[in-house]
Amino acid sequence: MPVFTKKPVQIEARQYDGTIGNAAELVAWIVQLGHEASCLDGLLIETLEGTHRANPGDWIIKGVAGEFYPCKPEIFAATYDPS
């Protein structure tokens, strides 16, 4: 079976803390870049796979193609280091 190594890439990410103010800041960040998100009932983000709900503690990642998606904190910590 072939084995592959993930390419090192820099991403932008911000953590969702569950507060309305933080959710509004994240929605503004996502929407200003032409994507859809809302914070009317928690933090909802339109991803390439459909609508995803972010939970407090999740990281919101802007991917290499400009897409946004939530990432669980334990996965984020295992995958990314601060630059």
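The values are calculated or read from the model by the stated rules, or taken from the named source; none is laboratory data. Predicted model, so just to flag it, every value in this text is computed and none were measured. Please note: Cβ atoms are built from the backbone with ideal geometry, for glycine as well, and neighbour counts cover all protein chains shown. These area figures cover heavy atoms from the full protein model, side chains too; ligands, DNA and RNA do not enter into them. Shrake-Rupley method; radii C 1.70, N 1.55, O 1.52, S 1.80 Å.
Things worth noting here:
- Dipole of the chain [Lys/Arg +1, Asp/Glu -1 at C-beta], most positive-end residue of Gly57, Gln10, Phe68: Gln10
- When the convex hull of its Cα atoms is viewed from all sides, the chain shows a mean projected area of 6.4 nm².
- Trypsin sites (Lys or Arg not before Pro) within the stretch 1-79, DSSP loop, no more than 10 other Cβ atoms inside 10 Å: Lys6
- Split the accessible area of the chain by element, probe 1.4 Å, and carbon with sulfur accounts for 57%.
- Crossing angle, helix 20-32 versus the chain [Cα axis fit, 0-90 degrees, rounded to tens]: 70
- In this label model, Ala28 and Arg14 are separated by 0.8 nm, measuring between points 7 Å along each Cα→Cβ vector.
- For the stretch 9-48: rounded, prolate or oblate by the Cα gyration tensor [a/c cutoff 1.5]: oblate
- Whether the stretch 44-83 is rounded, prolate or oblate, judged on the alpha carbon gyration tensor where a/c under 1.5 counts as rounded: oblate
- Per residue value of the accessible surface for the chain (all protein chains in place, 1.4 Å probe), Å²: 70
- Multiplying the residue separation of Tyr80 and Val64 by 0.36 nm and subtracting their alpha-carbon distance yields 4.4 nm.
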